[in-house]
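What follows is a short report on a single structure.
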Amino acid sequence: MNTRLERAQQALEQAETLRGNVFYPTFHLAPPAGWMNDPNGLIYHQGVYHAFYQHHPFSENWGPMHWGHATSKDMVRWQHQPVALAPGEEFDRDGCFSGSAVDDNGILSLIYTGHVWLSGEGNDSAIREVQCLATSEDGIHFTKQGVVLTPPENIMHFRDPKVWQEQGHWWMVVGARDDCDRGQVLLYKGDSLRHWTLDRVLAKANAATGYMWECPDFFPLGEDNILMCSPQGIRAQGHDYQNVFQSGYLRGHWKPGQDFSITQGFVELDHGHDFYAPQSFTAADGRRIIIAWMDMWESIMPSKQEGWAGCLTLPRELRLCDGKVSMLPVEEVCTLRREHRPLAPCLLKNSVQRLSENAQATEIIVQWDLSQTDAERFGITLGDGLSVFVDNQTHRLCLNRDYPAYRIQDSRSVALPQGNLLELRVFIDRSSAEVFVNQGEKTLSSRIYPQQDQHVLSLFAEKGQAMFSQGDSWRLSTE
C-alpha cells in the first residue's frame, strides 16, 4: 500500500470513530465517514459484488477524489474495504474521477478518469482529463497502470468511462463537452484495455439538452439499447428537470460498427430530489441493475454535521415495459424484511391513521382504490417533514419535504398514473425515502432529515374520503 492510500485509510478510520449516526443509513450504502458521490466500478466478479464510489476520506466535503470500496454477496449487505485508489500521480494528481470495472481474463480492472486542474482547483475552464487503468489480483489492492486514452483535439471535459466487452472487442463510452459547449457521448473500440480507437460520436445534445453529458452508460435492455447519462445544463420545464442536474436515458437500436439509431429522446429516470450518476451492471443471473448517488449537487446536506455526506440508492432492476424503462428494487431487498404487519383496508374520511411510531428502517406497500376516493389530498406522512400524497386537484403524485431547521422546504411530483389502482412501495431509512409507483412505473428518491422524535408513519385523507384497499409493512433488518 502506498503512502497516499495509507494516509487516506488512516484518516478514514479516525473519522469513523467520530461519526454521528442520527442520519446515518441502516440499510443503504454510505461511506464509513467523509464524502461520497457517484457510484463507480459496479460489478459482479468471482462470486462477489463490488461497489466503488467517489470518495473524499479526509472531509465530509467534496475534495480530491479517491475511490471508496465495498463488497457484498447479495447487493444489500455491504462490507467496507480499504480505499482502492488515491490521487497523486502526474496523470491523476487532483482526482481519480468516475469510471467502471471489468473482468479482464480474471483480473479485476478499473478504468477511471485522471483529473488535473491546470489553473487552480475548481477552475473548470482549464483542466486535463484522461482515462486510466488500475488492476488487482485479489480484488482489494490495486496497482495503477497509467493512461490508456487521451481526449480528441478540442475536447477538454472528457470523463466517466464505462467499459464492456462485446463480439470479441472492448467498448467504452465517455462523457464529453465539445468546443460548442454541447454534451456528447463518445464511443471507443479496443483490442485491449490499453489500446483504444475512436469509433464515433454515439449521441450528442442539442441546445436544450445540456452542455455536458456525465456518467454515460450503454447497454441492451429487451430488444432495445439504452444510453443512460447525467446531463448538466438542462433547464427546468414545468414539473420536469427540477434538480440542478438530471439523470435519464435515450432509447434506440445499435449494433457494433453502426450508429446508435435513437427512437426515443431523453427521459428522466427518477423524479425525486436526490438521484444522480446512475451506473448499471449485470447481476449473477443476468439482470440489469443500476445504483445511483442519492444526493444532488448544491443541495443542503445536514449529515455533514455528523462528519459524513452521501449515500447510494437501493440497487434497482431495470425492465423495459411498453417502451418505457421501469425500476424496482432487486428481489434481494426482501431478505431484509423482519416483523411483518398486514394493514387492514379502511375508508379514511378527513382523518389520520397511525401505522408506526418509529419508522426508521421500514418498507411499506399501500394500495389505494381511486374509484372510491374523492379526497383532495391523501397519502402517507412521516412526522411533520415528509409527505407522499395524491393532489387530486392537479392529478399529481407529490413528495413534499419540510425541514425548517435545515432550510429545506420543497416538492417534487409526477403525473398521477392512469387507472383506478395506485400502489406505492416506499423504503424509509434514517435519512432517505425511495418511492416506487405502480411496480416501478415511476420513482421518486429523496433525502429526508427527521429529528429523532419525528418518525411516526401515518396514512391521511383531507377534504373528502380515500379508500385504502390493502397494504403491508415490514421493519427492515439493520444488521
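The table for this structure:
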{"read-out": "Residue in the range 13-34 that is at pLDDT below 95 and more than 30 Å from Q454 (Cα to Cα) present", "value": "no"}
{"read-out": "In the range 215-256, the residues that are part of a loop (DSSP other than H, G, I, E, B), without any contact (Cβ under 8 Å) to a residue 12 or more places away in the chain and not charged (D, E, K, R)", "value": "A236, G238"}
{"read-out": "Subset of the range 155-214 that is in a loop (DSSP other than H, G, I, E, B) and open to solvent by less than 50 Å² (accessible area, probe 1.4 Å) - its residue that is nearest to F281 (Cα to Cα)", "value": "L193"}
{"read-out": "Residues located in the range 21-40, provided they are part of a strand (DSSP E or B) and touching a His at 6+ places or on another chain (Cβ under 6 Å)", "value": "G34, W35, M36"}
{"read-out": "Residue ID - farthest from the chain's Cα centre (by Cα), chosen from residues in the range 97-127 that are of a type in the set (F, W, Y) and under 15 Å from A84 (Cβ atoms)", "value": "Y112"}
{"read-out": "Unique residue being on the phi < 0 side of the Ramachandran plot and either at pLDDT below 95 or in contact with a helix residue (DSSP H, G or I) (Cβ under 8 Å, 6 or more places away or on another chain) (or both) when the list is F52, F91, F58, F97", "value": "F58"}
{"read-out": "Number of positions in the range 379-411 that are in a strand (DSSP E or B) and either open to solvent by less than 40 Å² (accessible area, probe 1.4 Å) or free of Cβ contacts under 8 Å to residues at least 24 places away in the same chain (or both)", "value": "21"}
{"read-out": "Leading residue by the ranking (nearest to Q242 (Cα to Cα)) among those in the range 412-422 that are part of a strand (DSSP E or B) and open to solvent by less than 30 Å² (accessible area, probe 1.4 Å)", "value": "S413"}
{"read-out": "Tabulated pairs, the range 1-17, first of a type outside the set (A, V, I, L, M), second open to solvent by less than 80 Å² (accessible area, probe 1.4 Å), C-beta under 6 angstrom, 6+ apart or interchain", "value": "R4/A86; R4/G88; Q9/P82; Q9/V83; E16/P32; E16/A33"}
{"read-out": "Selected residue (criterion: surrounded by the most Cβ atoms within 10 Å (Cβ to Cβ)) from residues of the range 59-92 that are under 22 Å from M296 (Cβ atoms) and touching a Cys at 6+ places or on another chain (Cβ under 7 Å)", "value": "H66"}
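The values are calculated or read from the model by the stated rules, or taken from the named source; none is laboratory data. Source: prediction; values computed, not measured. Neighbour counts run over all protein chains shown; Cβ positions are idealised from the backbone, glycine included. Side chains are part of the model used for accessible areas, which takes the heavy atoms of the whole protein and leaves out ligands, DNA and RNA. Shrake-Rupley method; radii C 1.70, N 1.55, O 1.52, S 1.80 Å.
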